[in-house]
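Structure first, then comments.
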Amino acid sequence: MSIIVFLIVGLIAGFIARALVPGPDPMGWLGTMILGIVGSFVGGTLAALVFNQSLDLNASGLIGSIIGAIIVLVIWRAMGGRRGVVA
């Protein structure tokens, strides 16, 4: 049951991150879910660094997942923002 909740939180976090950082994102619901899941781990790692905890690979809550997903989305766009454009 916890895996299903984790996937749903990932989907919600990815959706909110994509809504807060507008722009063209050609990803469907699966890509949005993966964005939220990766963002959850980024948010958990960032929280461990900020609050001086042990640096383990762990997920964070909804707010940390949204913040992590925004960070991942901005980095993703910076790396591949003009992909496929022929000059």
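Data for the structure
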item	result
Percent RCO, i.e. relative contact order, over the chain, from Cα pairs under 8 Å lying at least 6 residues apart	32 percent
Probe 1.4 Å - accessible area at Arg18, Å² to nearest ten	60 Å²
Candidates per chymotrypsin sites (Phe, Trp or Tyr not before Pro) in the stretch 7-65, loop by DSSP, up to 10 other Cβ within 10 Å	Phe51
Whole-percent pair-distance distribution, where bins are 10 Å wide, for the alpha carbons of the chain	19, 47, 26, 7, 1
Helix-only CD estimate at 222 nm, as mean residue ellipticity for the chain, using -39500 (n - 2.57) per DSSP H run (n ≥ 4)	-23500 deg cm²/dmol
Accessible area per residue in Å² at 1.4 Å probe, computed on the chain	68 Å²
Residue-wise HN-Hα coupling along the stretch 62-76, computed from phi with Karplus coefficients 6.51, -1.76, 1.60 (Hz; x: Gly, Pro)	5, 5, x, 5, 5, 4, x, 5, 5, 4, 5, 5, 5, 5, 4
Percent carbon-and-sulfur accessible area, the chain, ignoring ligands, DNA and RNA, probe 1.4 Å	75 percent
Per-residue SASA entry for Leu7, accessible area with 1.4 Å probe, Å² rounded to 10	60 Å²
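The values are calculated or read from the model by the stated rules, or taken from the named source; none is laboratory data. Bear in mind the structure is a predicted one, so any value in this text is a computation, not a measurement. Virtual Cβ from ideal backbone geometry, glycine too; neighbours counted across all protein chains shown. SASA here: full protein model, heavy atoms, side chains in, ligands and nucleic acids out. Shrake-Rupley method; radii C 1.70, N 1.55, O 1.52, S 1.80 Å.
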